[in-house]
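Sending over a structure as structure tokens; questions will come in a sec.
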Amino acid sequence: MSGRYPSFAIVAVDDEPAWLRSLSLVLERAGIDHLVPCQDARELPALLAREDVGLVLLDLNMPHLSGEEVLARVAAEHPGVAVIVVSGMNQVETAVRCVKLGAFDYFVKTAEEDRLVGGVLRAVRMLELERENRDMASRVLSGTVARPEAFAGIVTRDRAMLSIFSYLEAVAPSPQPLLVLGESGVGKELFARAAHALSGRPGPLVAVNAAGLDEAMFADTLFGHARGAFTGADQARRGMIEEAADGTLFLDEIGDLGTGSQVKLLRLLQEGEYFPLGSDRPRRLQARVIVATHQDLAARQAAGTFRRDLYYRLCTHQVRIPPLRERKGDLPLLLDHFLEETARELGKKRPTAPRELVALLGTYAFPGNVRELRAMVADAVSLHREKVLSMDAFVAAIERGGGAASPGAAPAANPFAPVEQLPTIHDAVELLVQEALSRAGGNQTLAARLLGITQSALSKRLKAARG
Ligand SMILES: Nc1ncnc2c1ncn2[C@@H]1O[C@H](COP(=O)(O)OP(=O)(O)OP(=O)(O)O)[C@@H](O)[C@H]1O
């Protein structure tokens, strides 16, 4: 990746070199440095054929060719290229005619620069979204991930997770922030690292946990300070933003930011600039920002505890990592992965998991998600002596986890539908209990969980059946 923004070229067609130079400077200040000047409109067709152009900024009064002619031709021959007319003429009829010919927007040269920059940024954003959509649709349709190695650390075969891989690949090169949502322990940091790896940015990923940072610490951590900025600041300190130059700044637990820090972050994202404490020389934000939170940001902004403008700034690209209880199909893979990993770390032989262990885990809601599963496995493997792993550590951990049992999902189809002669209720219950006990390998705690009843209820039932 060249690192220029946007990833596509913006061609500015104007016969006045001074105007082209000043436009280039104004846009550069707004972070746009992929501008191709074109002083002769007759060269535009060749440029459009040669380069990946997304946007044309077009003057109307030029020698050789009229701007309106050029506009009509670009609209007809390159429907994917947006055209913004930047003209010296402040005439409503001309503007209306241009929009009818297919112009995306119309600006008067002498009017405020900010409006033109805003219009260009809007068009860039729209074009980026169009490209992302196209890219994503083709990836999802082909069901492929072009660079699976970026996701090597994420163990899953879940469809929702795999479609997040496709989405992340599509948005990874974007300079806009990425918001990663999901409960604690679902693997948000792993996704942030994958997005960084896919971004092609040569710099590092620098992670900052925002939880517990008050406003002053937040500013000092991110922006750094100049020597003598405050009592005790006898050395200048580089902020994490600078450490992450040309790479990614990963801000975790963003939902915990106080209002003052929220304002600071918003300003940083809006202006792309910041001041180290005690310094009056602005620095440019040269890192891509990825933020994560386990909190429901949409609800928090609706409740007024998270700034709405910051929320909208952050949520252009967002992913929600599903909790483990919504992807129980991943349990066998993750169990295998963590057994292998922990055994290696402890220098032990990898234990065999009892067959009914996955069924037991499937009855649990995992409020701590993958992190909780990982800890359970680590505990069980460190206690483990025999060849087959004992279920006791898991049963105890699940009980400690608040018995957040979630009985197995109801069968999709009625299992009695194909049966001609129905069993009596008594026989059906008896059969169900026997089946649960057999699936649980005789473990009553697990069998009770599979049946959605307490262990004492199951034990009473078994005693009654025997007596
Ligand atoms: N799909 C997965 N495959 C392998 N390991 C995983 C997976 N998901 C999570 N983990 C592991 O689980 C632990 C928790 O993951 P991570 O720190 O990324 O979660 P998080 O969502 O960022 O949590 P928090 O909100 O508490 O910061 C890490 O050790 C991580 O390596």
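The values are calculated or read from the model by the stated rules, or taken from the named source; none is laboratory data. Note that this is a predicted model, so its numbers are computed, not measured. Here Cβ is always computed from backbone atoms with ideal geometry, including for glycine, and neighbour counts include all displayed protein chains.
What pairs come up if the first residue lies in the stretch 169-198 and is within 18 Å of residue 269 (Cβ to Cβ) and of a type in the set (Val, Ile, Thr), the second is part of a loop (DSSP other than H, G, I, E, B) and within 16 Å of the ligand (Cβ to nearest atom), and their beta carbons are under 7 Å apart, counting only those six or more places apart or on different chains?
180/321
Pairs needed: first member in the stretch 375-390, of a type in the set (Lys, Arg); second member anywhere, in a loop (DSSP other than H, G, I, E, B) and surrounded by fewer than 15 Cβ atoms within 10 Å (Cβ to Cβ); C-beta distance under 7 Å; at least 6 residues apart or different chains.
Taking only residues 6 or more apart or on different chains, not a single pair turns up.
Of everything in the stretch 183-211, what is near the ligand (Cβ under 9 Å from one of its atoms), of a type outside the set (Lys, Arg) and either in contact with a strand residue (DSSP E or B) (Cβ under 6 Å, 6 or more places away or on another chain) or part of a helix (DSSP H, G or I) (or both)? Give them in sequence order.
189, 190, 191, 192, 209
Let me ask another. For residue 182, are the conditions met, namely being crowded, with 21+ Cβ neighbours inside 10 Å, touching a helix residue (DSSP H, G or I) at 6+ places or on another chain (Cβ under 8 Å) and at pLDDT 95 or above?
Details: crowded, with 21+ Cβ neighbours inside 10 Å: no; touching a helix residue (DSSP H, G or I) at 6+ places or on another chain (Cβ under 8 Å): yes; at pLDDT 95 or above: yes.
The answer is no for residue 182.
Tell me whether the stretch 265-283 contains one or more residues that are in a loop (DSSP other than H, G, I, E, B) and within 16 Å of the ligand (Cβ to nearest atom).
Within the stretch 265-283, the subset in a loop (DSSP other than H, G, I, E, B) is 272, 275-276, 278-282.
If we keep only those that are within 16 Å of the ligand (Cβ to nearest atom) as well, we get none.
Looking through the stretch 265-283, none of the residues is in a loop (DSSP other than H, G, I, E, B) and within 16 Å of the ligand (Cβ to nearest atom).
Filter the stretch 341-387 down to residues that are over 21 Å from residue 436 (Cβ atoms) and more than 35 Å from the chain's Cα centre (by Cα), then give me how many there are.
So the count comes out to 10.
Only one of 169, 132 is surrounded by fewer than 21 Cβ atoms within 10 Å (Cβ to Cβ) and away from the ligand (no atom under 16 Å from the Cβ). Can you tell me which? Break it down into steps so the answer makes sense when it comes.
Details: 169 fails: surrounded by fewer than 21 Cβ atoms within 10 Å (Cβ to Cβ).
132 is the lone residue from the list that is surrounded by fewer than 21 Cβ atoms within 10 Å (Cβ to Cβ) and away from the ligand (no atom under 16 Å from the Cβ).
What number of residues in the stretch 284-296 are under 14 Å from the mean Cα position of the chain (by Cα) and either at pLDDT below 90 or within 13 Å of the ligand (Cβ to nearest atom) (or both)?
Within the stretch 284-296, the first condition is being under 14 Å from the mean Cα position of the chain (by Cα), and the residues that meet it are 288-294.
The next check asks that each one be either at pLDDT below 90 or within 13 Å of the ligand (Cβ to nearest atom) (or both); those that pass are 290-294.
Residues meeting the conditions: 5.
Confirm whether residue 180 is within 11 Å of the ligand (Cβ to nearest atom), of a type outside the set (Phe, Trp, Tyr), under 12 Å from the mean Cα position of the chain (by Cα) and not in a helix (DSSP H, G or I).
Details: within 11 Å of the ligand (Cβ to nearest atom): yes; of a type outside the set (Phe, Trp, Tyr): yes; under 12 Å from the mean Cα position of the chain (by Cα): yes; not in a helix (DSSP H, G or I): yes.
Criteria met by residue 180.
Name the residue, out of 248, 293, 305, that is free of Cβ contacts under 8 Å to residues at least 40 places away in the same chain, farther than 28 Å from residue 114 by Cβ and not basic (Lys, Arg). Quick ask: steps written out before the conclusion?
Working: 248 fails: free of Cβ contacts under 8 Å to residues at least 40 places away in the same chain; 293 fails: free of Cβ contacts under 8 Å to residues at least 40 places away in the same chain.
Matching residue, one of 248, 293, 305: 305.
Here's another thing I want to ask about it. Applying the selection to the stretch 253-264, what residues are surrounded by fewer than 15 Cβ atoms within 10 Å (Cβ to Cβ) and either outside any helix (DSSP H, G or I) or touching a strand residue (DSSP E or B) at 6+ places or on another chain (Cβ under 9 Å) (or both)?
Going residue by residue through the stretch 253-264, those that are surrounded by fewer than 15 Cβ atoms within 10 Å (Cβ to Cβ) are 258-260.
Of everything in the stretch 253-264, just one residue is surrounded by fewer than 15 Cβ atoms within 10 Å (Cβ to Cβ) and either outside any helix (DSSP H, G or I) or touching a strand residue (DSSP E or B) at 6+ places or on another chain (Cβ under 9 Å) (or both), namely 258.
What number of residues within the stretch 295-323 satisfy the criterion of being more than 25 Å from residue 136 (Cβ to Cβ) and buried (at least 18 other Cβ atoms within 10 Å of the Cβ)? Let's see the steps before the verdict.
First, the residues of the stretch 295-323 that are more than 25 Å from residue 136 (Cβ to Cβ): 295, 299-310.
Add one more test, that the residue is buried (at least 18 other Cβ atoms within 10 Å of the Cβ), and what stays is 301, 306-307, 310.
Count: 4.
Find the residue count for the stretch 415-467, including only residues that are surrounded by 12 or more Cβ atoms within 10 Å (Cβ to Cβ) and not in a helix (DSSP H, G or I).
Residues flagged as surrounded by 12 or more Cβ atoms within 10 Å (Cβ to Cβ) and not in a helix (DSSP H, G or I) within the stretch 415-467 amount to 7.
From the list 163, 66, which one is without any contact (Cβ under 8 Å) to a residue 24 or more places away in the chain and not assigned by TED's automatic domain parsing to the domain that holds residue 42? Can you show your working first?
Details: 66 fails: not assigned by TED's automatic domain parsing to the domain that holds residue 42.
Testing whether each residue is without any contact (Cβ under 8 Å) to a residue 24 or more places away in the chain and not assigned by TED's automatic domain parsing to the domain that holds residue 42 leaves just 163.
Oh, and also: Does residue 232 satisfy being more than 15 Å from the ligand (Cβ to nearest atom), over 26 Å from residue 118 (Cα atoms), assigned by TED's automatic domain parsing to the domain that holds residue 312 and without any contact (Cβ under 8 Å) to a residue 40 or more places away in the chain?
yes
Among the numbered criteria (1) more than 25 Å from residue 298 (Cβ to Cβ); (2) in a helix (DSSP H, G or I), which single criterion is violated by residue 165?
Here residue 165 meets the rest and fails (1).
Which one is surrounded by the fewest Cβ atoms within 10 Å (Cβ to Cβ) among residues in the stretch 324-365 that are free of Cβ contacts under 8 Å to residues at least 24 places away in the same chain and more than 16 Å from the ligand (Cβ to nearest atom)?
Ranking the qualifying residues of the stretch 324-365, first place goes to 347.
If you go through the stretch 1-12 one residue at a time, do you hit one that is modelled with pLDDT of 90 or more and charged (D, E, K, R)?
Looking through the stretch 1-12, none of the residues is modelled with pLDDT of 90 or more and charged (D, E, K, R).
Out of 294, 225, report the one residue that is assigned by TED's automatic domain parsing to the domain that holds residue 194 and within 21 Å of residue 195 (Cα to Cα).
From the options 294, 225, the qualifying one is 294.
Could you list all residues from the stretch 273-290 that are touching a Gly at 6+ places or on another chain (Cβ under 9 Å) and buried (at least 16 other Cβ atoms within 10 Å of the Cβ)?
Going residue by residue through the stretch 273-290, those that are touching a Gly at 6+ places or on another chain (Cβ under 9 Å) are 274, 276-279, 283-288.
Within the stretch 273-290, 274, 276, 277, 279, 283, 285, 286, 287, 288 qualify.
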